[in-house]
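Structure first, commentary second.
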């Protein structure tokens, strides 16, 4: 499970990172709202721990923007602001839970476990974009109601692109999250490109509107090409 900690107080961020790491969570830390916003839009996380009092772009602004963009990753707000109005505002903007500083670490862990369980129960069973639909249970893929035959790896890549629809997916993200390889190498990049090309031939070639696009020098994006 990957957790993003957005916290500008270095001691608090380190304590959270060390404590969660000891519980075998994979942790990334962002010290500003801008950095947190960038990471959550370019990497895949199971949970975000978000401080509200951040330099530059505040936590509430980050939260509101993410929800407007359709990101459904659970967000647990950590803040020293403890009035009822503060909690209501955070929850209304899309926070899944709210924990006031200072807090006991065991309580934080319990709330994280509850949110992650809830996320698994609420997990969608179908993904779709335009006329493309993927059934995650049966692993059937259709486009314009026509069945597509994909290999296991092509299916995993398509699922990943759909979960990040409209956002750029880098080769580094595919290497880490689909191939489960943390150290990228040129041969793997070549494999990724070949697999994407095969996937494109099945998903896009028979149809007039193309869904999988290359962002030169960066990666790939699934979505309608801008006109």
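The values are calculated or read from the model by the stated rules, or taken from the named source; none is laboratory data. The structure presented is a predicted model; accordingly, all values stated were derived computationally and were not measured. Neighbour counts are summed over all protein chains in view; Cβ atoms, including those assigned to glycine, are modelled from backbone coordinates with ideal geometry.
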Exercise for the section: Could you tell me whether any residue of the range 50-66 is closer than 18 Å to residue 97 by Cα, part of a strand (DSSP E or B) and modelled with pLDDT of 90 or more? Expected result: yes
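Does residue 118 satisfy the criteria of being without any contact (Cβ under 8 Å) to a residue 40 or more places away in the chain and over 21 Å from residue 9 (Cα atoms)?
Values: without any contact (Cβ under 8 Å) to a residue 40 or more places away in the chain: no; over 21 Å from residue 9 (Cα atoms): yes.
No, not satisfied.
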Completion exercise
The residue from 21, 36 that alone is in contact with a strand residue (DSSP E or B) (Cβ under 8 Å, 6 or more places away or on another chain), surrounded by fewer than 14 Cβ atoms within 10 Å (Cβ to Cβ), in a helix (DSSP H, G or I) and not assigned by TED's automatic domain parsing to the domain that holds residue 171 is 21
Handout entry: Exclusive hit being surrounded by 17 or more Cβ atoms within 10 Å (Cβ to Cβ), within 24 Å of residue 223 (Cα to Cα) and in contact (Cβ under 8 Å) with a residue 60 or more places away in the chain, set 150, 161
Key = 161
Completion exercise
If we take the range 67-174, then helices (runs of 4 or more DSSP H) inside it with 3 or more residues that are at pLDDT 90 or above, touching a helix residue (DSSP H, G or I) at 6+ places or on another chain (Cβ under 9 Å) and not assigned by TED's automatic domain parsing to the domain that holds residue 16 are 152-163
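Inspect the range 85-99 for any residue being in contact (Cβ under 8 Å) with a residue 40 or more places away in the chain and crowded, with 17+ Cβ neighbours inside 10 Å and give the result as yes or no.
yes
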Exercise for the section: Determine whether residue 132 is surrounded by 14 or more Cβ atoms within 10 Å (Cβ to Cβ) and within 15 Å of the chain's Cα centre (by Cα). Expected result: no
Problem - Selection count, the range 5-18, where residues are under 14 Å from residue 80 (Cα atoms) and either without any contact (Cβ under 8 Å) to a residue 24 or more places away in the chain or assigned to a helix (DSSP H, G or I) (or both) - result: 1
Exercise for the section: Please work out which residue is farthest from residue 147 (Cα to Cα), limiting yourself to the range 175-209 and to residues that are touching a residue at least 60 places away in the same chain (Cβ under 8 Å) and in a helix (DSSP H, G or I). Expected result: 177
